[in-house]
Each structure stands twice: as structure tokens, then as C-alpha cells.
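A quick write-up on the structure given underneath.
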Amino acid sequence: MTHRPGPLHLNAFLMSTGHHEASWRLPESDPTYLSTNIAYLQRLAQTAERGKLDSIFFADGPAQSRDVGRRPAGTLEPTVVLAAIAAVTQRIGLIATASTTYNDPYNLARRFASLDHISGGRVGWNVVTTAFVEAARNFGLDEQPPHHERYERAAEFLEVSLKLWDSWEDDAEVGDKEAGVWGDSSRVHPIEHVGRYFSVAGALTTPRSPQAHPLLVQAGSSEDGKDLAARYAEAVFTAQQTLEDAQAFYTDLKRRAVEWGRDPATVLVLPGIVPVIGATEAEAREKEDELDRLITPEYARVQLAKTLRVDPDDLPLDRELPADLPSEDEIEGAKSRYTLIVNLARRERLTVRQLIGRLGGGRGHRTFSGTAVQVADAIQDWYDHGAADGFNIMPAVLPSGLEDFVDDVVPILVERGLFRSEYAGTTLREHYGLARPANPHTLARTEVAAR
């Protein structure tokens, strides 16, 4: 049965030379230049906007956790990047990652509110708790906080941020020159928050922004991650390999949203897909094979061992994963990604070498090679069968993979009536079909006046 949840949503997840770990080795790539060149990142954003995509997204982590020998590892701080991209785009949504474990709510809420003003209401925050011990050691900690504690802090961090974004009412700025009154102080509300992790007294210094609240995005798929998403997130980036797993995640997350008293239609699920597009299926597979041939197995094996919490010597390239791996309960980092990788390897009886090849394209996200029509079919299949509200598009190679998707796949989705041909709104919330949040102080005052 066809199940279409609403308009299809598309986000472009932009990463240096592309999501395939060997993309930097292709002739088209300039790996010493592209990751930190703002003109390049601006051009990618303009390409995505040309395709009328809902948004672009930058991942981030406050630590150098990768082996820099393996792939380009230099990055710019993403909220700074978004400010530069906002200046050269008009409609595309702009989403950046920021950690609730290694930031404070006041500064971060102020930064995202400022970006929302700068962009005219196009900003989203990908809320993460950060799973790497390297980050902890950059902030005076010997070890990362336990998984559950990180999510408890994240929930309070979000509560404080929401209060701060609502601390100014929409009509607080008066601008009455004749009376000499710039603002109405009764419409600005210190939040006086005192909790387990944070104590925050004042109102934000930034007036209420065009969207009121930046779009909240979440990407963790552990039990704690799904609960946080169901409670707060408006878009959820996730990773599944099969239609059945994606349908199960979709159904579970929507159920959890209802349990938190939310309309499940306002929690949009966007699985990741890494498309490799060719004029023919054979050409697409050759592109994928070329990338896989360029993977350096030893670097990849060390990274896999780190994810699985085992010694690299326990992962011979031409054998399957060892039987005695840790359980998910023993993992304090990215629990859901650990389980996805282990299940993939077990289900398909992959050797370590084969698993490295599968992960090289998208780190556990679904990879798909084929023609533009086949990629559109793959997207429509999951969308029609209750597995997705849209997709997190993760081009294997940049910029060509994004250009191929925008020029060849998007027109097919438009022709099928699945995707927009023009933007209907100006804000990111409008792109995602989400309402601007009402201000609770204004609502309370209106209710009192109506009695």
C-alpha cells in the first residue's frame, strides 16, 4: 500500500570532498583546499538551492578524532560557515551541528538566534551530545560523561534554550520615537532557570528571531537518542540499511512522539542515502568500484576497530567479525551506529574487508548506485512505504555528486509530483511545513486579558 506522509523533504549533507572516504583521491578533488575554502562551500549551497532543496547540513565535533592520514580532516566551525553562506543564498535552509555536552545554553542559544536573524529565518540546529573521548579531553575531562548523563544534560540544555528564545515577545521592540520608548520591558522576561546542570538568570540579548525557534534536528538512534528526538526534534537524521529497519524506526519514533503529546506529523524522519549516479547502471557501479578501490584498508581497519572497541589485530581483513564483540550496553559512544555496523556485518556475513568497503561510502548509511531514475525509484520506494518523510542526501563525491542529484534526480521527483519545483516560503520551518512556535508569555497574557 502506498503511504505518503506529506511533501517529500530533501536535505543535502555536505562534507569536504564527499562522503566516500576515498573521494579526495579522485582527480576532480583538491583535498588541501576545499574543506576550508568558503567560496567552495558557498557554491555547494547555491547548487542545493538551485535544486530547491529544503536545507543543507554540516556535521561537527569539537575534537580532532580522525586519523588525518585517512581522509581530509580539517573543518571550519559550522555556525561561522552558515553566516557566510547566508549572505550568498536566499531560500535554502542552513543547519549546523553543535554539542550540548561541550557548550553552554546562553551562548549557543544566542548564536543560533543571531544566525536566524542574519539569514531571515533559515537556520536549524542539529543537537548532538558528542560521543568521543577526544572531545572530553579538550574540555578538561579525563573521560566522556556516561551516555545517559549526556542525554539528561541535553534535555535540560534544550529546555533552557527554548526559554531563552521565548524570553523576548514578538512585540517587545516598540520604537516609539515621539514617546522616547524603544522597547517594552514588560515583554522581556528573565528566565531564572535553576536546574541540575545549568543556572541561567537573564533574558537573551537577542530579540525573538524570524522563526522564533531555530528548527531542531537530532541524529541519535539509541534509546536515549530516540526519546530526545521524540520529545524535542522536528527533523531526525537517521541511518538504516533496509526498508524493514527504516519502517520500524519510523513507526517507533512517531509512537514516541505521540507519547510525549506531540503531533507525529511534526517530527520528520529523514534517513541518509549515499547516491552514486551514472548515465547507466554500469557506469554508476564503475564509479562506485573506482572509489572502493581507492580505500586504504589499513586506515579503515583501525577506524573500524575503534568503533567496535577491539584491537585492530582482532580484525583480519579476510575474516568475518569476531563472535565475542562488546554488547551495545557496553558502548558509551555512538551506540546506534555500533549496532547498525555489527548487524550489517552479521546479516550479510561480510568479511572485514567487505565491511570496510560498505562503510567507506557512508559510514553505515544506505549507499545506492544507479541511474537517476533508479535513485528516484529508491527514494520513492521508502517514501511510499512508511519509512521516510524525506531524505538526507549524502553525495559520495563533491561537487559532482550534488550536481548530478540536483540536475538529474530532482527533476524526476518534481515530474512525479513528489517534490517542489519552486520554494513556497522563505523560512526553513515553512520548507518543512512546520508552524512558527507561539510565545508562551504572549499566550498567557492573552488568556488573562480574555477572562
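Before moving on, here are some points about what is shown:
- As an equivalent ellipsoid, segment 182-267 spans semi-axes of 34, 15, 11 angstrom, where each value is the square root of five times an eigenvalue of the C-alpha gyration tensor, largest first.
- A crude spin-label estimate for the pair GLU259 and ASP30, with each label 7 Å from Cα along the Cβ direction, gives 5.1 nm.
- Acute angle (nearest 10 degrees) that the helix 105-119 long axis makes with the longest principal axis of the chain, alpha-carbon atoms: 90 degrees
- Volume per residue of the convex hull around the Cα atoms, evaluated for segment 232-290, comes out as 96 Å³.
- With Cα atoms, 0 to 90° folded angle of helix 281-293 axis to the chain main axis: 90 degrees
- Annotation: amide H-H contacts under 5 Å for HIS9 (H modelled 1.01 Å from N, sequence separation of 5 or more, or interchain): GLY390, PHE391.
- Assigned charges on the beta-carbon of Lys, Arg, Asp, Glu; the chain dipole about Cα centre (debye): 380 debye
- Gain on full stretching of the segment that runs from ASP377 to ALA39 - 0.36 nm per residue minus C-alpha separation: 118.4 nm
- Both radii come from the Cα set of segment 44-201: Rg as radius of gyration, Rh as Kirkwood radius; their ratio Rg/Rh reads 1.04.
- The alpha-carbon of LYS287 sits under 23 angstrom from the alpha-carbon of none of the lysines, leaving out residues fewer than 8 places away in its chain.
- According to the Cα-based calculation, Rg over Rh for the chain is 0.97, with Rh computed by the Kirkwood formula.
- In this structure the amide hydrogen of HIS385, modeled in the peptide plane, comes within under 5 Å of the amide hydrogens of HIS3, none closer than 5 places in sequence on its chain.
- Other-chain or far-sequence residues with amide H under 5 Å of GLY183's (modelled H): VAL174, GLY175
- Equivalent ellipsoid semi-axes - Cα gyration tensor, segment 122-173, angstrom: 30, 12, 10
- Residue by residue, segment 176-182 carries 3J(HN,Hα) couplings of 8, 5, 5, 7, x, 10, 7 Hz when phi is fed to the Karplus relation 6.51 cos²θ - 1.76 cosθ + 1.60 (θ = phi - 60°); x denotes Gly or Pro.
- Length released on extending from ALA279 to ASP176, taking residue separation times 0.36 nm less the Cα-Cα span: 30.9 nm
- Degrees between helix 147-165 axis and first principal axis of the chain (Cα, 0 to 90, nearest 10): 40 degrees
- Separation of segment 394-451 and segment 248-277, taken as the distance between their Cα centroids, equals 16 angstrom.
- Those residues of segment 113-142 whose amide nitrogen sits under 20 Å from the label point placed on THR442, 7 Å along Cα→Cβ: 113-124
- Helix content alone sets the calculated 222 nm mean residue ellipticity of the chain: runs of n ≥ 4 DSSP H residues at -39500 (n - 2.57) each, divided across all residues, give -12000 deg cm²/dmol.
- Highest-first arrangement of 162-173, 123-134, where packing means the average Cβ count within 10 Å: 123-134, 162-173
- Compactness of segment 1-136, expressed as Rg and Dmax over alpha-carbon positions, Å: 16.0, 49
- Computed across segment 172-319, the Kirkwood hydrodynamic radius from all distinct Cα-Cα pairs reaches 20.9 Å.
- q = 0.11, 0.12, 0.22, 0.23 Å⁻¹: log10 I(q)/I(0) that the Debye formula gives for segment 370-451, counting C-alpha atoms only: -0.47, -0.52, -1.17, -1.22
We did not get these values from a lab; they are worked out from the coordinates using the rules stated. Treat the numbers as computed from the prediction; the structure is a model and nothing was measured. Please note: Cβ atoms are built from the backbone with ideal geometry, for glycine as well, and neighbour counts cover all protein chains shown.
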